[in-house]
Structures are given as structure tokens and as C-alpha cells.
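These notes concern the structure reproduced below.
The values are calculated or read from the model by the stated rules, or taken from the named source; none is laboratory data. Here the structure is a predicted model, which is why all the values come from computation and not from measurement. A quick note on method: Cβ atoms are made from the backbone with ideal geometry, for glycine too, and the neighbour counts reach across all protein chains shown. Side chains included, ligands, DNA and RNA excluded: accessible areas come from the protein's heavy atoms. Shrake-Rupley method; radii C 1.70, N 1.55, O 1.52, S 1.80 Å.
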Amino acid sequence: MTQPAHDISFIPRDYDIFGGLDVDKKSMAVTFRDHGTMRKSLKLPHSGRQLLNYTRKHFPGQRVAFVYEAGPTGFGLHDELTAAHHPCLVVSPAMVPTAARPRVKTNRLDSNKLAEGLRGGQLRSIHVPATSYRELRHLVQLRDTQVAQLRASKCRIKSLLLYEGIPFPAANGQWSGQVLRQLEALPCSRAVRFKLDQLIDALQFHFQSAARVQKEIRHYCQKDPELRQSISFLTSLPGVGSITATHALARLGDWREISNVRQIAGFLGLVSSEHSTGDKENRGEITRIGDSRLRNKLIQCAWTAIRKDPELRAFYRRIYERQPKKVAARKAIVAVARKLTTRMYAVLKEQRPFVIRPDSSIAPLTAAETVGPRERLDSAQNEQP
């Protein structure tokens, strides 16, 4: 997933040569364009050193800029080019202008399209995160993978018991250490016992792995002063804990690159989609672009925040009362999550903790005001380690 775009624009007239790179695992198609009709296309190994050698040999003394699409090859090529003092844009593939339904698609044509877009100033770079944020992202992704596998193991155990007609030890369906001990002593056939034991072993492995990764995340952030301070500011927000704070930092990267208060909500897909024309405005559901895992965590944080923060509780109630009963809770809690992103922006940009303003005049929410989506979120949260 890509990052918010840089707020610094690329100015084509400041450069002489524009290199478009279509990069894959082993090679890259390269097209060089100038401000005139010159075009050179070639194929090189996936090596920043060879690309730089070619550039120095064929374009000595000229200012060369590069661009390639974000993808599975990461930012290593970007790091090599920028270290050699060549600007390199990393662009989102979805934001590259493309002809409708092209009949021919090759790596060479794609590299030429990127070079032309760079020369015309049509491309905007995503924010390339610093090394510390990239490494934090690896740890956060690993934790989420282990939690997903843990949840899947729990579902497999329940499915096996359902298929065999064996009741789950806990009547409320909740997991605990006592439930695991009862599952280990559950009488069943030899084959079912073997499968159940393997599933229990997998569950315990993923639980312990998720705990180890979370501990490593905590140690990693504590060793980095900037990460440690940013997490302390984010966790001062009502409802936001260390798991959501570290995930947000890993995805957003350096807070100095965030240019406006709406950028985080847009990046996480918490803004309304819109299809308007003329005097007619037509706004629909949220866009749901970006990191769905972080978006879901923020919505869970929002449910906790409205219990702790009177201001957010009043905001939730205002949105709830304006919506049809069937969707009121869902729309209101998404609006609260979007408001949390504006508070994230504020505490990071102003480098200060958030302070809740108490207001005893705002009544607690009733069960009817949170019915529906809350129950579904609770069931999802119970699957967490």
C-alpha cells in the first residue's frame, strides 16, 4: 500500500533528462526522454549501480530525474538513486495517467509512459518512509499476520467441534486458558483427537508468536526517541492504545510529511466518495482505500473513545440522531473515527499530548444507540490474543 504524496512538487524544467523505470524482480525496462524528441529505451538488470553507470556514461553533466511505480521491489532502488543525488519519484500505479483500454502493454511502453509523465509534470511521488518506519512496518505486519493466523486457528477448532457434534466448552463462546485445558482433555476418536491437538498447538504457537512480536515492537519503539515520543502523543488520545499507535506510525511515516488535517482520513479511506456534476452533489459511502486493518482498528478505538471523551460522545450522538435508525450507529462511529484522525494530526504536528475536557452534562450512551455494529465488533475483538 502506498503512502500520502509529498507536498513538494517536482518541477520538470529544472532537469534535462527524465528516466522512466518499469521494474520487476530481475530486470528493469528503462526509457530516457529529454525536453525534445530524444528517446532511448533499453533493458538493464535490476541493479541501481548499473543504471547509475549507464547514466554517467551517456548523460555526463546533465541533470537526470527518475520515476518508477511502487510495488513489491520496495524502495532500495530509490535509496541508491537519491544517494547518488538523482531525484527519484515513487508513484502509485493507480495515479499514473493511462489510455483507456490499451491494446498493447509491454514493459518498454510502460517505462516510456512513466518518462513522459515525469517530463510533463503529471506524476506525484508517494512519501517514501525512512528506514526506522520501514522496519517498524515489518514488525507491525508480522504481528497482524500472527493475529490473523491465531483467529483462523480458533475458527478451525470451532468448525471441527461443530462438525463432530461436540459442544464448545464455554457456553458463551469465549476463549480462555481453562477452555484450552478442557479442549485438551475432551474425549473423542483418535483421528479427531490428533487433529484437535495439532490445531491447539498451532493456536498456542501463533498466540506466543504474536506476543513475542508485540514485545519486540515495544522494545524497538523505546530505543528510537522520535518513535517513543510520537507513540506517547498518540496514546494520549482517548481510545487509542499502543497497538493502534504503532500501526498508525508505521503506515503514515514521518509526521513532518503530513501536509494538512484531512490527509490522514483520506489516506485511510475514511472520507466520503463523491460523484458530482454541475449543481448536483452526490456523495456516497467512505472510499475504503488504504490500509483496511488500520481503518478497522481506528473504528474499534472510536467505540472506546466515545465512552471516555464527552466531546466525542456528544459528536457521536449528533450524527446518530441525523441518520436513519438502520445505519445510524455505523455512520456515527465512522465519523468519530474520522475525527480521531484529525486529533492524531493535531498531537503529532503540535508535538503535545491530548487533554480530555470533562463535561458532566453529557449523558452516557444508551444500549439502543450502540446496538448492531458494536456487537459485531465485540465478536471480532474477542478473537484477538
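Take each peptide in 222-230, 89-97, count the other Cβ atoms within 10 Å of every residue, and average; sorted highest first, the result is 89-97, 222-230. Rolling a 1.4 Å probe over the protein chains gives residue 58 an accessible area of about 70 Å². For segment 275-344, the list of GluC sites (Glu not before Pro) that fall in a loop by DSSP and count at most 16 other C-beta atoms within 10 angstrom reads 281. Note on residue 311/residue 229: beta-carbon distance plugged into 1/(1 + (r/R0)^6) with R0 of 30 Å gives a FRET efficiency of 0.75. Let me spell out the model: positive unit charges on the Cβ of Lys and Arg, negative unit charges on the Cβ of Asp and Glu, origin at the Cα centre of segment 138-279. What dipole size does that give, in debye rounded to 20? That gives a dipole near 600 debye. Over segment 156-202, one equal point on each Cα, no solvent: what is log10 I(q)/I(0) by the Debye formula at q = 0.24 Å⁻¹? Per q value, in the given order, log10 I(q)/I(0) is -0.89. At 0.890 mPa s and 25 °C, plugging the Kirkwood radius over alpha-carbon pairs of segment 71-158 into Stokes-Einstein gives what diffusion coefficient in µm²/s? Answer, rounded: 149 µm²/s.
The charge dipole of the chain, taken about its Cα centre with unit charges on the Cβ of Lys, Arg, Asp and Glu (plus for the first two, minus for the last two), comes to roughly 500 debye. Consider a paramagnetic label point 7 Å from the Cα of residue 85 along Cα→Cβ; state which residues of segment 27-62 have an amide N under 14 Å from it. Output list for this probe position: 56, 60-62.
Any idea how far the Cα center of segment 300-357 sits from the one of segment 171-197, in Å? So the two Cα centres are separated by 40 Å. Would you list which lysines come within 28 Å of residue 43, measuring only between C-alpha atoms, while excluding same-chain residues fewer than 8 positions from it? Partners found: 25, 26, 57, 105, 113. Per the Debye calculation on the chain with a single equal scatterer at every Cα and no solvent contribution, log₁₀ I(q)/I(0) for q = 0.06, 0.10, 0.14 Å⁻¹ amounts to -0.34, -0.85, -1.23.
Along the axis of the charge dipole computed for the chain (Cβ charges of +1 for Lys and Arg, -1 for Asp and Glu, origin at the Cα centre), the listed residues 17, 366, 97 are led at the positive end by 97. Under the combined filter of DSSP loop state and at most 14 neighbouring Cβ atoms within 10 Å, segment 295-363 retains these trypsin sites (Lys or Arg not before Pro): 325, 326. When only Cα pairs below 8 angstrom with a gap of at least 6 residues are kept, the chain shows a relative contact order of 15 percent.
With 28 Å as the limit on Cα-Cα distance, the pairs of 195/297; 154/308; 154/326; 308/349 that go past it are 195/297; 154/308; 154/326. Within segment 20-61, the trypsin sites (Lys or Arg not before Pro) that combine a DSSP coil assignment with at most 10 other C-beta atoms in a 10 angstrom radius are 25, 26.
Tell me the net charge near residue 18. Cut-off is 12 Å between Cβ atoms, residue 18 excluded, with +1 for each Lys or Arg and -1 for each Asp or Glu. Net local charge, residue 18 excluded: +3.
Under 5 Å between amide hydrogens, built in the peptide plane, is the criterion, and for residue 289 it picks out 269 among residues at least 5 positions away or on other chains.
Roughly how big is segment 1-121's charge dipole about its Cα centre, with Cβ charges of +1 (Lys, Arg) and -1 (Asp, Glu), in debye to the nearest 20?
580 debye
Take segment 100-248 with all the other protein chains still there, run a 1.4 Å probe, and you get 56 Å² of accessible area per residue.
Amide H to amide H, with H built 1.01 Å from N, residue 28 comes under 5 Å of 44, 46, counting only residues 5 or more places away or on other chains.
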